[in-house]
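The structure appears right after this line, and notes come after that.
What follows draws every value from the coordinates through simple rules; no lab data is involved. Note that this is a predicted model, so its numbers are computed, not measured. FYI the Cβ positions are ideal-geometry reconstructions off the backbone, even for glycines, and counts take in every protein chain you see.
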Amino acid sequence: MEHPSPELVQTGPASPTGWSADKSSEMYGINNWGHGYFRVNQNGNVHVTPCGKSTGPSVDLLELTQDLMDRGIRVPIMIRFPDILKARVDLINNCFSKAITEHNYKGQYTGVYPIKVNQQRHLVEELVKHGQGHRMGLEAGSKPELLVVLALMKTQDAVIICNGFKDSEYIETALLSQKLGRHTIIVVDRFEEIHLIVEASKKLGIRPNIGFRVKLNTQGAGKWIDSSGARSKFGLTTVELVEGLEILKSHNMLECLELIHFHIGSQIPIIQNIKSSLKEGVRFFTEVYKQGATNLKFIDVGGGLGVDYDGTGTSDSSTNYSAQEYANDVVSALQTLCDEKGVPHPNIVTESGRFLTAHHSILVFNVTGTNDLLRHEPPRPATKTDHPLLQDLQYIYEKLNPSNINECFNDLQQSKQETLQLFTYGVLGLQQRAWAESMYFAIATKMIKLAKTLEDGEGIVEQLSDELCDTYFCNFSVFQSIPDSWAVGQLFPVMPIHRLNERPVVQATLADLTCDSDGKLEKFIDTETGKTKKTMQVHEIKKSEPYFLGVFLTGAYQEILGDLHNLFGDTDAVHVSVTASGYTLDHYVPGDTVTEVLSYVQYRHHSMVESIRQAAEEAIQRGSLSKQEAKLLIKFYEEGLSGYTYLEDPEQ
Ligand SMILES: *Cc1c(COP(=O)(O)O)cnc(C)c1O
């Protein structure tokens, strides 16, 4: 009996030659979604250039991560780059000023940041600071958000947009804020709010600045399609709009109406949807103006400006347009339709949040282990005394060749079924099932290798690869750090941040620390086909060397939507400014301790320790626990409570 040659079977590391940092860039698509902020450097590490231009100050992400860990900052780490925020603010403003100049448009551009996208104080402060020169404003979508906005907005006369459900308290606070020198505009999202605004204004003797949000018939597209169209939660129908104008007129308040707003949803992947909603929205503007609301001076086109998360230009997680095209389309639609109706060009407000913040933060985490136990060596050969099923498997392993591969594939699937059945019926024992499983994987491994060399082997490769892929266990929680990946199937770019000069030879899915079977990543962008695939290419783990992966573009929505599933809390976060000579650590925001996370679900540190102490005391009395052991147990317990919710010590 001839034993197959070992070269055919092994899937050990491919030769490191023939691989390069450039090949990694291509494989992970970093130059497609990195937008100049992220690339692979010649050391094979991810490199961050916050200004997005090749000449700007930059930092090696691996070195930065190691430096941070040397200072006691723990993985998973959320690394934020305020300079990227600044670059995004400049980018959108430059796009609009270019479009305005080129079209000779008469109105001005004002960006407004909707803080619901990421309310972290340091981030909002950075945006206010960087936005000052552009007179950038803020948007609040709720009462608590308005209180944040009022405290943080320092720019004189900056626009503050008030959206969301409103009660009189919300409206009165908004009215009073005008006295602080802010240009606060209260947007009527629901019809009843008109009455509340009129009442509050009379009570306080302050003339309001009013906006009307209109419901468009044009649908958005993508994952957030429900926020638009006739069934959307917010906005006035045309009937309500007409009636609303009458109410304002009757209170002599028509000239308080200065803004028309619409929002067709977030992450609009297709520019055609944006264009058609603009047409409809601008028509509302010109019509309302014609109704005598001649003090209208803003059109607020909402958010929706997309981020290219996967670099394909074709998926829901991507965009088929640039920021410049977006700005051009907004300006030209406004110009054309306003000129047509002889209405003065309004100032343009956008509420882009995702576009400004997504790029600025990266989650870096380590891999804590893999389940590559089923390595692909065949077990000891089956003999005549083994169960016939095992002998069949042995036979498949040996006879497999290019001409019978399909037959072998079918036989293999059948043998697998039968093995499982015979185990359940008590015919095969534990050892025999283990042998059959090992042999199954050995055959599958050999079969994939062979199928890859055959022209029509693709189907077999595809079917078997999913079963053979490794799982890399990662020190983070999907639910805490990238909830949209779980909730709406959004893609985020994920890749190793080092060893990119080595060929990544392992196909893996990533599992997080939660015990939830949804806590995993198994949808990745395939840069070759532009479609998604179930596994990503990673490197083999080396003993005693941590392996770091990064999830990129996590700055929008993820932090605040993240939850405490399995009690994994906020990660450590740092704000890093990159300078010509290195970098500075602007802020360190420690992640939640176990005690903090537990307090959200009403456990108190003190009473928990107390109850362990009592249990220990009783055990000492019974003689089942020594005083030494009791001391140790309580020490560990208290340390656990004050510790990080994630796994510590990645070196081990
Ligand atoms: C959420 C939201 C935004 C932000 O949208 P992005 O797509 O993140 O820019 C803007 N305006 C309103 C009314 C929103 O609800």
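Quick one: Cα centre-to-centre distance for region 291-309 and region 428-464, in angstrom?
57
Within 10 Å of each candidate Cβ there may be at most 12 other Cβ atoms; applying that plus a DSSP loop requirement, which chymotrypsin sites (Phe, Trp or Tyr not before Pro) in region 481-565 survive?
When the chymotrypsin sites (Phe, Trp or Tyr not before Pro) of region 481-565 are filtered for loop state and at most 12 Cβ neighbours within 10 Å, nothing remains.
Under the rule of -39500 (n - 2.57) per DSSP H run of 4 or more residues, summed and divided by the residues of the chain, what mean residue ellipticity at 222 nm is obtained, to the nearest 500 deg cm²/dmol? Could the numbers behind the result be given before it?
Working: 23 runs with 267 residues, N = 652.
Mean residue ellipticity, 222 nm, calculated: -12500 deg cm²/dmol.
For the chain, compute Rg over Rh where Rg is the Cα radius of gyration and Rh is the Kirkwood radius from the inverse mean 1/r over Cα pairs. List each step's numbers first, then the result.
Numbers: Rg = 30.1 Å, Rh = 28.3 Å.
In the chain, Rg relative to Rh is 1.06.
Per residue of region 299-312, what does 6.51 cos²θ - 1.76 cosθ + 1.60 with θ = phi - 60° give for ³J(HN,Hα)? Whole Hz please, x for Gly and Pro, Karplus curve as stated.
Each residue's phi maps through the Karplus curve to give 10, 10, 8, x, x, x, 4, x, 10, 8, 6, 10, x, 8 Hz.
So which GluC sites (Glu not before Pro) in region 134-204 end up in coil per DSSP with only 16 or fewer other C-beta atoms within 10 Å?
On the way: sites: E139, E145, E169, E172, E192, E193, E199; in loops: E192.
The qualifying sites are E192.
Using packing as a proxy for protection, rank 618-629, 105-116, 246-257 so that the peptide with the highest average count of other Cβ atoms within 10 Å comes first.
Ranked from most to least packed, the peptides come out as 105-116, 246-257, 618-629.
With unit charges on the beta carbons (Lys and Arg positive, Asp and Glu negative) and the dipole taken about the Cα centre of the chain, which residue among L510, T579, S276 sits farthest to the positive side?
Looking along the dipole axis, the top candidate is S276.
Amide H neighbours of T593 under 5 Å, counting only residues 5+ apart in sequence or on other chains, H built in-plane at 1.01 Å?
When sequence neighbours closer than 5 places are left aside, there are no close amide H contacts.
Within region 479-543, which GluC sites (Glu not before Pro) sit in a loop by DSSP and count at most 12 neighbouring Cβ atoms inside 10 Å? Write out the running numbers ahead of the final one.
Numbers: sites: E502, E522, E528, E540; in loops: E502, E522, E528, E540.
Qualifying residues, ordered by number: E528.
Using modelled amide H (1.01 Å from N, peptide plane; none on Pro or chain starts), what sits under 5 Å from the amide H of T532, excluding residues fewer than 5 places away?
When sequence neighbours closer than 5 places are left aside, the close amide H contacts are D526.
At a threshold of 8 angstrom on Cα-Cα distance, excluding pairs fewer than six apart, so keeping six or more, what relative contact order does the chain reach in percent?
Working: 1212 pairs, mean separation 108.2, N = 652.
Dividing the mean separation by the residue count of the chain yields 17 percent.
Give me the distance between the Cα centres of region 22-49 and region 177-215, rounded to whole Å.
Cα centroid to Cα centroid, the span is 48 Å.
What relative contact order, as a whole-number percentage, does region 388-466 give when Cα pairs under 8 Å and 6 or more residues apart are counted?
Values: 52 pairs, mean separation 26.8, N = 79.
Across region 388-466, relative contact order equals 34 percent.
Whole angstrom only: what separates the Cα centroid of region 259-290 from the Cα centroid of region 89-120?
If you average the Cα positions of each part, the centres end up 16 Å apart.
Could you give each residue of region 346-360 its phi-based ³J(HN,Hα) in whole Hz, using Karplus coefficients 6.51, -1.76, 1.60 with θ = phi - 60°, and x for Gly or Pro?
Going residue by residue, I get x, 6, 9, 10, 10, 10, 6, x, 4, 4, 6, 10, 3, 6, 7 Hz, with x marking Gly and Pro.
V188's amide H: which non-local residues (gap 5+, or another chain) put their own amide H closer than 5 Å, with H modeled 1.01 Å from N in plane and none for Pro or chain starts?
When sequence neighbours closer than 5 places are left aside, the close amide H contacts are G211, F212, R213.
When only Cα pairs under 8 Å and 6 or more residues apart are kept, what is the percent relative contact order across region 553-623?
Working: 48 pairs, mean separation 15.8, N = 71.
Contact order relative to length: 22 percent.
Give me the dipole magnitude in Debye, nearest 20, for region 388-466 about the Cα centre, with unit charges on the beta carbon: positive for Lys and Arg, negative for Asp and Glu. Don't skip to the end; give the middle numbers.
Numbers: 6 positive and 11 negative charges, 63 e Å.
That gives a dipole near 300 debye.
Dipole size in debye (nearest 20) for the chain around its Cα centre, Lys and Arg Cβ +1, Asp and Glu Cβ -1?
Numbers: 60 positive and 82 negative charges, 329 e Å.
So the magnitude is around 1580 debye.
From the phi of every residue in region 387-400, what ³J(HN,Hα) in whole Hz does the Karplus formula 6.51 cos²θ - 1.76 cosθ + 1.60 yield, where θ is phi - 60° and glycine or proline is x?
4, x, 5, 5, 5, 4, 4, 4, 5, 4, 4, 7, 8, 3
Any chance you could give the angle, 0 to 90 degrees and rounded to 10, that helix 168-177 forms with the longest Cα principal axis of the chain?
70
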